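The values are calculated or read from the model by the stated rules, or taken from the named source; none is laboratory data. No experiment lies behind these values; they were computed from the predicted model shown. Methodologically, a virtual Cβ is constructed for each residue, glycine included, from the backbone with ideal geometry; neighbour enumeration extends over all protein chains shown. Just the protein is used for accessible areas: all its heavy atoms, side chains included, with ligands, DNA and RNA removed. Shrake-Rupley method; radii C 1.70, N 1.55, O 1.52, S 1.80 Å.
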Amino acid sequence: MASPRPTSRILSRGDTVGFLFFIVLGVGLAVWAVVHSVITIIEALPNRDVRVAAPFLDTVAQAPLGPDGAAVPVELGSGVVVASELPLASLWALVIAETLFAAVVVTVVALLLVLTAGILRGRIFSRRHTVMVSTVGVVALVGLAGVPFFRNMVANGALARISEYTYERGLVQTVDLPVLFGAAFVAALAGTVFSVGDRLQRDTEGLV
């Protein structure tokens, strides 16, 4: 009877250095996301003079770009507005958006680190890795769709409060659909590759 093929190995020095570098980058990204979100929420919770990034559509403003600082019309694509206060629904949307952003980044980084550790130990395809890859894809898609959606609610509330509900900026698409569809395609492709790879590997091991 043939002995089972080994599925793990000791990390080489190069693998270890690369993995540690990846860990440092991942942890740094996760910490940045959490700190950024916490600071944004803390600054907004008093609900006074809240800075909000807002996309615009067909909105013309004056900028001192002409000779001697003369005003020149420019079309705004995005900008930062300061609302004296936000409607309660918009304030909660801000908290949800920032919490979701931090949670998505931390989850994706953690899963990718675990996945990388498993791959470096010699086991590329497995059911566990397939689940991880699929989960990363789903979580990333939730972030790509959910965070812009809630941030758009914040922008709508800020502009409504500033204009006393008289400003109409039109329908602004805040979710980048090409990026969303592209990410969905990559996630589906990666999940399929790992699933098929796991099945082929198990079939091959069964023949040894």
**Where T116 falls short, out of the listed (1) in a helix (DSSP H, G or I); (2) surrounded by 20 or more Cβ atoms within 10 Å (Cβ to Cβ); (3) modelled with pLDDT under 95** = (2)
**Complete:** V72: passes all of (1) out of contact with any strand residue (DSSP E or B) (no Cβ under 7 Å at 6 or more places or on another chain); (2) at pLDDT 85 or above; (3) not aromatic (F, W, Y) but (1)
**Request:** State the number of residues belonging to the stretch 119-160 that are closer than 30 Å to L91 by Cβ, surrounded by fewer than 17 Cβ atoms within 10 Å (Cβ to Cβ) and β-branched (V, I, T).
**Result:** 2
**Message:** Any residue at all in the stretch 168-179 that's in contact with a Ser or Thr (Cβ under 7 Å, 6 or more places away or on another chain), modelled with pLDDT under 85 and under 22 Å from V52 (Cβ atoms)?
**Reply:** yes
**Request:** Kindly check whether there is at least one residue in the stretch 56-68 that is within 23 Å of the chain's Cα centre (by Cα) and open to solvent by less than 50 Å² (accessible area, probe 1.4 Å).
**Result:** yes
**Fill in**
The lone condition V104 fails out of (1) buried (at least 18 other Cβ atoms within 10 Å of the Cβ); (2) closer than 20 Å to N47 by Cβ is (2)
**Prompt:** For L91, all conditions in the list (1) farther than 30 Å from L20 by Cβ; (2) at pLDDT below 85 hold save one; what is the number of the exception?
**Reply:** (2)
**Message:** Just to be sure I understand, how many residues within the stretch 82-98 are surrounded by fewer than 16 Cβ atoms within 10 Å (Cβ to Cβ) and outside any loop (DSSP other than H, G, I, E, B)?
**Reply:** 4
